[in-house]
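Report on one structure; see the data block that follows.
We did not get these values from a lab; they are worked out from the coordinates using the rules stated. This is a predicted model, so every value here is computed, not measured. Here the Cβ is made from the backbone with ideal geometry for all residues, glycine too, and neighbour counts use every protein chain on show.
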Amino acid sequence: MSNYDERLDAFVGRQLIEAKFGQDAVNQAMIRHWVEAMEDPNPAYLSDDAARATGRPGVVAPASMLQAWTMRGYAATQALARGESAPGASGFAELVGLLDEGGYTSVVATDSDFEFHREVVPGDRISVDEVVESISAEKTTGLGTGRFVTTVRTYRDAEGETVGVQTWRTLRFRPAAPEAPKALRPRPALNRDNAFWFEAAREKRLVVQRCADCSTLRHPPGPGCPECGSFDWDTVEASGAGTLYSYVVAHHPKHPAFDAPYLIALVELAEGTRLITNLTGVTAEDLEIGMPLALEWLEADDGLTLPVFAPTGPDTDHPRPTEN
Amino acid sequence: MTVAVGDRLDPVAIPITRTLVVATALASRDYQDVHHDPDLARERGSKDIFMNILTSNGLTERFVTAWAGPAAVVKRVKIRLGAPNYPGDTMTMTGEVSRVDGDEVEVSVKGENALGIHASGIVVVAL
């Protein structure tokens with residue numbers, strides 16, 4: 001059991017909210033307000049005569065209204081919203097803090113089980129306290145990963161006699177992460193020597209740098225000709241045909257913009273230069289050194305279009321490159 | 001009143017109006033903003049204000065006592081909470097006697113709205 005679990009476990013049996021009496025005794029006005037809003041026609045809630053006709057000494061409050069007698073009310077709710085602490089509820093605040101620490105920042109009530117020991121009547125003073133019954137291990141739910149916190153609220157009258165018990169279960173959970181925005185491929189490091197190549201790629205043109213003096217083709221782009229040293233250059237457009245010169249299958253590290261494993265190929269273009277690129281429409285086990293490849297274009301995102309290669313041949317109806 | 005297991009209660013359709021959600025929240029002294037302030041409810045990730053749990057309990061109790069009669073004493077209201085009751089929806093409550101033990105009757109209840117089951121569980125009354 002982890003240290004965090006132990007700290008949560010220490011709350012079991014602990015009082016979260018100290019016994020506190022509701023602001024007002026059970027009274028006819030609040031009962032009327034409740035039964036009118038609930039559109040509850042039961043006359044035993046409003047008329048002593050009707051209640052006596054049912055064998056009771058006088059009116060009774062609706063059973064499930066028991067919780068309402070101890071609600072904190074408007075002023076205290078506003079005070080809590082302003083961040084003021086609720087008196088007598090330090091245990092509750094501590095537990096919520098510990099759950100927050102575990103990432104369980106959201107809450108939803110899942111179960112209420114109210115048992116009523118006797119009917120309450122006008123004049124009754126009702127108190128409630130709340131004790132932790134259990135905190136579950138972490139569970140995976142439709143809402144997210146969380147823990148069920150079960151508490152028991154005991155409602156007592158002025159003499160301390162229990163009039164009702166409410167077992168209350170909430171799920172404290174980590175909200176499931178919203179769909180992450182799609183990761184982008186790393187940007188190429190552009191400079192004055194290589195920008196032309198990526199700009200051409202954006203227009204879906206695969207170009208090869210050519211020495212303006214000795215006509216030697218070169219890749220990757222560079223300022224000077226490795227053959228004659230000339231700084232003058234232009235480009236030619238590649239045919240798009242090539243062969244697989246070498247490759248590596250990378251499983252790690254994973255990057256969210258790529259589908260692992262990555263097929264990283266050194267493709268020899270028909271023009272003779274070699275290009276490091278990705279392969280598409282093929283899996284690692286079907287790769288063969290020397291296999292013929294053809295150019296395709298990967299529109300990785302709005303700002304990035306890159307050449308990739310796919311096998312040619314009779315079975316070339318491979319999937320077209322997608323967003324990845 | 002003669003009651004047997006399997007007896008069905010007449011279904012009751014409760015229109016979930018905005019007024020009902022707010023009036024019942026305030027009548028139960030529940031001033032959480034998600035039960036009366038649509039803007040704040042949306043800010044907290046809800047599509048609108050929604051009915052509070054005290055009202056789910058109250059309406060479940062009402063559904064059964066309206067059938068059982070004013071002399072019935074409510075012993076237990078146990079519900080599992082599900083789809084929220086948003087304004088504009090209708091919750092239809094259905095129920096069936098699931099246990100009879102002397103004068104104690106257990107009714108299985110369900111409140112369903114357009115999104116699914118809002119609340120389901122049991123109500124035990126002494127007749």
From fewest to most C-beta neighbours within 10 Å, the residues A:SER64, A:SER90, A:SER112 line up as A:SER90, A:SER112, A:SER64
Full extension between A:ALA195 and A:ALA250 adds, at 0.36 nm per residue less the Cα distance, a length in nm of 17.1 nm
Two pseudo-spin positions, 7 Å from Cα along C-beta at A:ARG202 and at A:GLU84, lie apart in nanometres by 5.9
So for R0 = 60 Å, FRET eff. of A:ILE289-A:ALA176 from the Cβ-Cβ r, to 0.05, ends up at 0.85
For region A:1-125, the Cα convex hull volume per residue in Å³ comes to 149
Here the whole-number average of other chain Cβ atoms within 10 Å per Cβ of A:110-123 is 4
Put in order of increasing Cβ neighbours within 10 Å, starting from the fewest, B:ASP10, A:ASP259, B:ASP30 give B:ASP10, A:ASP259, B:ASP30
Volume per residue (Å³) of the convex hull spanned by the alpha carbons of region A:55-117 is 152
Once both label points are put 7 Å beyond Cα along the C-beta direction, the A:THR54-B:ALA126 separation in nm becomes 1.3
Partner shielding of A:31-37, taken as the mean number of other chain Cβ atoms within 10 Å, equals 5
Measuring from its Cα centre, the protein assembly as shown shows a charge dipole (+1 at each Lys and Arg Cβ, -1 at each Asp and Glu Cβ) which, in debye to the nearest 20, is 760
Scoring chain A by relative contact order with C-alpha pairs under 8 Å, at least six apart, yields a percentage of 13
Given pairs A:LYS139/B:LYS110; A:LYS20/B:LYS110; A:LYS254/B:LYS47; B:LYS47/B:LYS75; A:LYS20/B:LYS75; A:LYS20/A:LYS139 and cut-off 28 Å on Cα-Cα distance, the over-length ones are A:LYS20/B:LYS110; A:LYS254/B:LYS47; B:LYS47/B:LYS75; A:LYS20/A:LYS139
Over region B:1-94, the quotient of the Cα radius of gyration and 2.2 N^0.38 Å is 1.22
Using alpha-carbon coordinates alone, the radius of gyration and Dmax of region A:195-311 in Å work out to 15.1, 44
When A:THR283, B:THR55, A:THR167, A:THR243 are ranked with the fewest other C-beta atoms within 10 Å first, the list becomes A:THR283, A:THR167, A:THR243, B:THR55
Of every Cα-Cα pair in chain A, the percentage lying beyond 35 Å is 55
For peptide B:19-26, the mean count of other chain Cβ atoms within 10 Å per residue Cβ is 3
Residues of region A:86-125 with backbone N under 14 Å of the label point set 7 Å from the Cα of A:ALA10 along Cα→Cβ are A:91, A:94-99
Calculated from DSSP helices alone, with each H run of at least 4 adding -39500 (n - 2.57) and the total divided by the residues of the protein assembly as shown, [θ]222 nm to the nearest 500 comes to -5500 deg cm²/dmol
